[in-house]
Amino acid sequence: MKLLSVDAARSAMVAEAVALPAQTIPLQTANGRVLAQDVAAVRAQPPFTNSAMDGWAVRAADTPGALAIVGESAAGHGYEGALSPGQAIRIFTGAALPGGADSVVIQENATREGDQVTVPAAAPGDNIRDAGKDFQVGDVLLTKGTRIDPWRLSLAASAGRAEVSVHAKPRIAILSTGEEIVEAPAVPGPFQIYDSGSPALKVMCEAWGAEATKLSGVRDQLDAVIAAMRGAEADLIVTVGGASVGDHDLVRTAAEALGIRYRVESVAIRPGKPTFFGVLADGRRLLGLPGNPASAFVCAELFLKPLIAAYCGAAHAPRMATARLAEPLAANGPREHWMRAKLTYEAGGITAQPYRDQDSSLVSVFAAADALLRRPPSAPASAAGDLVELLLLDRAG
């Protein structure tokens, strides 16, 4: 359980995060939620054969020629009758194709004179969308474990679904510890800093599909840390700071007082080696993150995000990409290194420029980074242009 690889540590953590029960919610509130059941179509789409263009519904056998105009078919107001030989119906995009018609001549190619329209030669099926072209009744459109986004929400709506079954959101309690931490707008003392870790982690958790609560920070007093952990109403407690083994690092001691069974005691990662994870005696899970912001954020991307996904019943493996190095990198040490990097998108692909200062206390570097560049343990030196693995960060533009 000590100095596990990143992959082994993540696997050990997500094995303890069972998908939460299902709940039925209105489709309009489902963006970002994860389906607990498949979504099947209750109606075909389109439900009737319709026109793909504005123009004239005709029988291809009657073209080319001059045809008698006998009616109109508009979206939501179809033509009730059927075409007879020598007839045409004015039709608009999305409108139902009248009975007897098998083709649509676009309006730019036709000439109307009074009650007649002259059309060129047409073939059966021209400018027509067949009924059920998108999907049929009973087709499974979205499978269990799919995360709803606006496009998938639209698909479910087009299938006639007003409600969907999704997994409940996990409850995350975030606890910062340390004498040196204060929260704005409080005035910090001469040896204190503002808390930049837990506010960001709360937003991350919410963006990833959880309900997050930021608990009041606690000082470096064991009883206070124990009390804060004991009172947290959550599926997962996330602590920030105090995860190491220094004289003032009390989180592990507090967790042990609450009966933690470790699944991960440390990770062979840089930054973030002290990260740990376990199950408290009452069944709640606890993820201990380092106090340095970059360390906490790297480990949140690699461990907290997959944990939330697992609670939600979604896939939890990070989605990796590749890029070419902008400049050489020295050989890596024994721990897997996740470097903050800036990306450049060019015609030849993605180029990654690691920031030269990877100090784990630098919030400004993380704020500017687009990705985390993975360097395997003991990786040899890399040259400019070599391919590297990336974990893309969710950045707003």
- Message: Of everything in the stretch 169-195, what is surrounded by fewer than 18 Cβ atoms within 10 Å (Cβ to Cβ) and touching a residue at least 60 places away in the same chain (Cβ under 8 Å)? Give them in sequence order.
- Response: Glu179
- Listed by first then second residue, the pairs whose first member lies in the stretch 331-350 and is within 21 Å of Pro293 (Cβ to Cβ), whose partner is of a type in the set (Phe, Trp, Tyr), with beta carbons under 6 Å and at least 6 positions apart or on separate chains, are Arg340/Tyr355; Arg340/Phe366
- Item | Complete set of residues in the stretch 345-397 that are in a loop (DSSP other than H, G, I, E, B), under 18 Å from Arg319 (Cα atoms) and open to solvent by less than 30 Å² (accessible area, probe 1.4 Å) | Ala369, Leu393
- Go over the candidates Ala52, Ala19 one by one and state the one that is open to solvent by 20 Å² or more (accessible area, probe 1.4 Å) and more than 22 Å from Ile308 (Cβ to Cβ). Ala52
- Message: Take Glu108 and tell me if it is under 48 Å from the mean Cα position of the chain (by Cα), farther than 30 Å from Gln136 by Cβ and either open to solvent by 20 Å² or more (accessible area, probe 1.4 Å) or modelled with pLDDT of 95 or more (or both).
- Response: yes
- Item | Within the stretch 61-76, tally of residues that are in contact with a Pro (Cβ under 7 Å, 6 or more places away or on another chain) and either of a type in the set (D, E, K, R) or crowded, with 16+ Cβ neighbours inside 10 Å (or both) | 3
- Note on the structure: (1) touching a Gly at 6+ places or on another chain (Cβ under 9 Å); (2) touching a residue at least 60 places away in the same chain (Cβ under 8 Å); (3) part of a helix (DSSP H, G or I) all hold for Leu307 apart from (1)
- Message: Can you list the strands (runs of 3 or more DSSP E) lying wholly within the stretch 1-88 that have 1 or more residues being free of Cβ contacts under 8 Å to residues at least 60 places away in the same chain, of a type outside the set (D, E, K, R) and in contact with a strand residue (DSSP E or B) (Cβ under 6 Å, 6 or more places away or on another chain)?
- Response: 55-58, 65-73
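The values are calculated or read from the model by the stated rules, or taken from the named source; none is laboratory data. Since the model is a prediction, treat every value here as computed from it, not as a measurement. Cβ coordinates were reconstructed from backbone atoms using ideal geometry, including for glycine residues, and neighbour counts include every protein chain displayed. Accessible surface areas use protein heavy atoms only, side chains included; no ligands, DNA or RNA. Shrake-Rupley method; radii C 1.70, N 1.55, O 1.52, S 1.80 Å.
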